[in-house]
Amino acid sequence: MSNNHPHMRGDEILLVAEIEAATALRKAFESLDTYIERFPGAPINRDEFIRRVSLRATNQDDAA
């Protein structure tokens with residue numbers, strides 16, 4: 001674990017993490033929406049997408 005924010009309080013570090021994650025998620029949703037638009041019968045929605053991303057982010061995805 002690295003300390004990228006040595007002069008921040010804990011709540012500030014958490015806020016930065018939440019903002020970074022939200023920014024990445026918005027970008028990912030744009031790609032997902034493009035995919036769903038291109039393949040309207042695709043068996044995926046935002047909830048399933050978030051589940052898959054969460055598994056990859058925590059190294060629990062067998063396909064990763």
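The values are calculated or read from the model by the stated rules, or taken from the named source; none is laboratory data. Worth saying up front: this structure is predicted, and the values here are computed from it rather than measured. Neighbour counts run over all protein chains shown; Cβ positions are idealised from the backbone, glycine included. For the accessible areas, the whole protein counts, side chains as well, though only heavy atoms, and no ligand, DNA or RNA atoms are used. Shrake-Rupley method; radii C 1.70, N 1.55, O 1.52, S 1.80 Å.
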I'm trying to understand the selection: among the residues of region 1-40, which are over 23 Å from Arg56 (Cα atoms) and among the acidic types (Asp, Glu)? Asp11, Glu12, Glu37
Kindly indicate whether Glu48 is among the acidic types (Asp, Glu), open to solvent by less than 80 Å² (accessible area, probe 1.4 Å) and in a helix (DSSP H, G or I). yes
For region 16-59, what are the residues that are of a type outside the set (Lys, Arg) and touching an Asp or Glu at 6+ places or on another chain (Cβ under 8 Å)? Leu55
Within region 1-13, tally of residues that are assigned to a helix (DSSP H, G or I) and loosely packed, with under 12 Cβ neighbours inside 10 Å: 3
Given (1) polar (S, T, N, Q); (2) part of a helix (DSSP H, G or I); (3) at pLDDT below 90, identify the lone condition not met by Asn59. (2)
Return the only residue of Glu20, Glu37 being open to solvent by 90 Å² or more (accessible area, probe 1.4 Å), under 18 Å from the mean Cα position of the chain (by Cα) and among the acidic types (Asp, Glu). Glu20
